[in-house]
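Since the structure comes first, as structure tokens, the remarks are kept for the end.
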Amino acid sequence: MTVGAPVAVGGASTKTWTVPITVAGTHDGIVQASIIAGVVNTSLTDSSAASTSTDNQVRYDNIAPTVAINQATGQADPTTVSPIHFTAVFSEAIDPTTFVAGDVTLNAAAIAAGASVTGITPSAGNTTFDVVVGGLTADATVTATIAAGVAADLAGNVNTVSTSTDNSVGFNIPLTVHVGQANGVLDPAIPRSIRPMRRRSTSPRPSASRSIRHLSFPLT
Ligand SMILES: [Ca+2]
Ligand SMILES: [Ca+2]
């Protein structure tokens, strides 16, 4: 960082000067300017007091945020439960309004199975975001990535393409078993005491339980 020559604003007798400060390279930090006492002569005998300020600092940031997206901590993989959670972690705080559902890319197979990003929730100072993927109606492996240039830090620098260590989650539609009442079974059953008399038959009785109606339950 270098301080350039002050430039008078409004002519030689002006009291206002502009001081250019040049920052080289890539940095993200606060530039604060002040003037110590005694460095400026205001007359032949007087020298300046130390500067005062109401706002003498500017944040300088030309570093692009990086981002990693992975399946969320605690997310089962594979899973039969929708929605699926991923976590996106940026290297610095971003403007949360610049990171929206459409900024997360899902793989084609997941989209074909009905998947979409249904929510993005920031936490931890706008560096960490919960990415929620729902809508799955078929088995699929869901992979989430973030393209470059979709989210910006507070200085407007846009992100680089995401990296991941595990950004895929397998989804399986829960299996169900349908149990139906067997053909020929009366429902409700006729109490034995009021059944009509009939001759004994040598044909086997229906074997299904008379008390089971329609049941469905998931197999996990
Ligand atoms: Ca930055
Ligand atoms: Ca995984």
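The values are calculated or read from the model by the stated rules, or taken from the named source; none is laboratory data. What you are looking at is a predicted structure, and each value in this text was computed from that prediction instead of being measured. As a convention, Cβ positions derive from the backbone with ideal geometry for all residues, glycine included, and neighbour counts pool all protein chains shown.
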Item to check | Looking only at the stretch 140-162, and only at residues there that are free of Cβ contacts under 8 Å to residues at least 40 places away in the same chain and hydroxyl-bearing (Ser, Thr, Tyr), the one that is farthest from ASP95 (Cα to Cα) | outcome: THR141
Checklist entry - Mind checking whether some residue in the stretch 38-50 is modelled with pLDDT of 90 or more and surrounded by 11 or more Cβ atoms within 10 Å (Cβ to Cβ)? => result no
Next on the checklist: Considering only the stretch 64-80, I want to know if a residue exists there that is part of a strand (DSSP E or B) and free of Cβ contacts under 8 Å to residues at least 60 places away in the same chain.
Outcome noted: no
Checklist outcome for this item: Given (1) in the same structural domain as ASP139 (by TED's automatic domain parsing); (2) assigned to a loop (DSSP other than H, G, I, E, B), PHE86 misses just (2)
Next on the checklist: Restricting to the stretch 100-112, count the residues that are closer than 10 Å to ILE146 by Cα and outside any helix (DSSP H, G or I).
Outcome noted: 3
Next on the checklist: Restricting to the stretch 156-187, and then to whatever is at pLDDT 95 or above, farther than 20 Å from HIS85 by Cα and surrounded by 14 or more Cβ atoms within 10 Å (Cβ to Cβ), can you tell me which residue is nearest to the chain's Cα centre (by Cα)?
Outcome noted: ASN159
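If the requirement is being of a type in the set (Val, Ile, Thr), loosely packed, with under 10 Cβ neighbours inside 10 Å and closer than 29 Å to GLY170 by Cα, which of these qualifies: THR66, THR73?
Values: THR66 fails: loosely packed, with under 10 Cβ neighbours inside 10 Å.
Criteria check complete, one pass: THR73.
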